[in-house]
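In what follows, a single structure is set out as structure tokens and then discussed.
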């Protein structure tokens, strides 16, 4: 009876589903990562479905319940005009999460494109793009953001644009360093030899193999953008009524830190927990990719 044989040194191809399953297990093998991810999903769903979850109407003052402390009726207390703080936190999460996620994605797209072009072409193209990146990194970030917001106006769209346009530099440097390594590999040289267009090599062949650090950087930028928006709103240069965010709620709480501390505690706690969980998830993704690369390199 003939036995199926396989040439030595050749391993069977691993199905993509098996690779994704192993990566998923690497990311979520720690309970802390599962808890952090579950919390982020809960916060996101609560913000999305805030109109159905909120126990009270937003922007509906109740002068008989001004500055009421946390209770069974008002879980997080009320503000200076009697509006339920839990309702405001739910709606504020919509703006804060939208700004964090949108800013991070736009910054990574801009930085990834610039870093890809610089790393692939090298030479004077790399020199010019990296000097522009260095200039961006050397400018005080918060002052630029506050200045641009003052000029353009503090709408959510403007804040997303301003934060993303001042946060693309790190993704650019990260992807550039990956391209400098990958562009000398055989599959890239082979594509060049047969005349494949540079744009196709960059976006179809090299970038998919360099996307891992960008995914990690995206999670970190989400937390950074949420904090930046909160700082801007706390300083009075961020979200303005009728829109609200967690940073806006902190700004409103400044005058009540002694007699109504819950106005600052709950929005501040949400910012802290969301940023912490985002960073925990980002660390887990980074460790999973590092373990994956180590396993592939050891074969």
Query raised in the report: Can you pull out the residues in segment 190-199 that are surrounded by 11 or more Cβ atoms within 10 Å (Cβ to Cβ) and part of a helix (DSSP H, G or I)?
Result: 190, 191, 192, 198, 199
Report summary line: Of the conditions (1) crowded, with 20+ Cβ neighbours inside 10 Å; (2) in contact with a helix residue (DSSP H, G or I) (Cβ under 6 Å, 6 or more places away or on another chain); (3) assigned to a loop (DSSP other than H, G, I, E, B), the single one that residue 58 does not satisfy is (1)
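Matching residues to (1) under 18 Å from the mean Cα position of the chain (by Cα); (2) surrounded by 15 or more Cβ atoms within 10 Å (Cβ to Cβ); (3) farther than 26 Å from residue 164 by Cα:
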{"residue": "44", "(1), (2), (3)": "yes, yes, no"}
{"residue": "51", "(1), (2), (3)": "no, no, yes"}
{"residue": "109", "(1), (2), (3)": "yes, yes, no"}
{"residue": "136", "(1), (2), (3)": "no, yes, no"}
**Report entry** Subset of segment 250-290 that is out of contact with any helix residue (DSSP H, G or I) (no Cβ under 7 Å at 6 or more places or on another chain) and assigned to a loop (DSSP other than H, G, I, E, B) - its residue that is surrounded by the most Cβ atoms within 10 Å (Cβ to Cβ)
**Finding:** 260
Requested in this report: Return the only residue of 84, 80 being closer than 18 Å to residue 267 by Cβ, crowded, with 17+ Cβ neighbours inside 10 Å and in contact (Cβ under 8 Å) with a residue 12 or more places away in the chain.
Outcome: 84
Query raised in the report: With respect to residue 141, is the statement that it is touching a helix residue (DSSP H, G or I) at 6+ places or on another chain (Cβ under 9 Å) and under 20 Å from residue 248 (Cβ atoms) true?
Result: no
Report task. Kindly provide the set of residues from segment 212-249 that are surrounded by fewer than 20 Cβ atoms within 10 Å (Cβ to Cβ), free of Cβ contacts under 8 Å to residues at least 60 places away in the same chain and over 13 Å from the mean Cα position of the chain (by Cα), ordered by number. Result -> 236, 241
Query raised in the report: Going through segment 250-287 one residue at a time, which ones are within 21 Å of the chain's Cα centre (by Cα) and more than 22 Å from residue 43 (Cα to Cα)?
Result: 286, 287
Query raised in the report: Limited to segment 176-189, what total is found for residues that are part of a helix (DSSP H, G or I) and closer than 24 Å to residue 130 by Cβ?
Result: 9
Requested in this report: Take segment 200-211 and flag every residue that is surrounded by 12 or more Cβ atoms within 10 Å (Cβ to Cβ) and either out of contact with any helix residue (DSSP H, G or I) (no Cβ under 9 Å at 6 or more places or on another chain) or assigned to a helix (DSSP H, G or I) (or both).
Outcome: 201, 202, 203, 204, 205, 206, 207, 209, 211
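No lab work stands behind these numbers, since they all come straight from the coordinates. None of the values given here were measured: they were computed from a predicted structure. All Cβ positions, glycine included, derive from the backbone under ideal geometry; neighbour counts span all protein chains shown.
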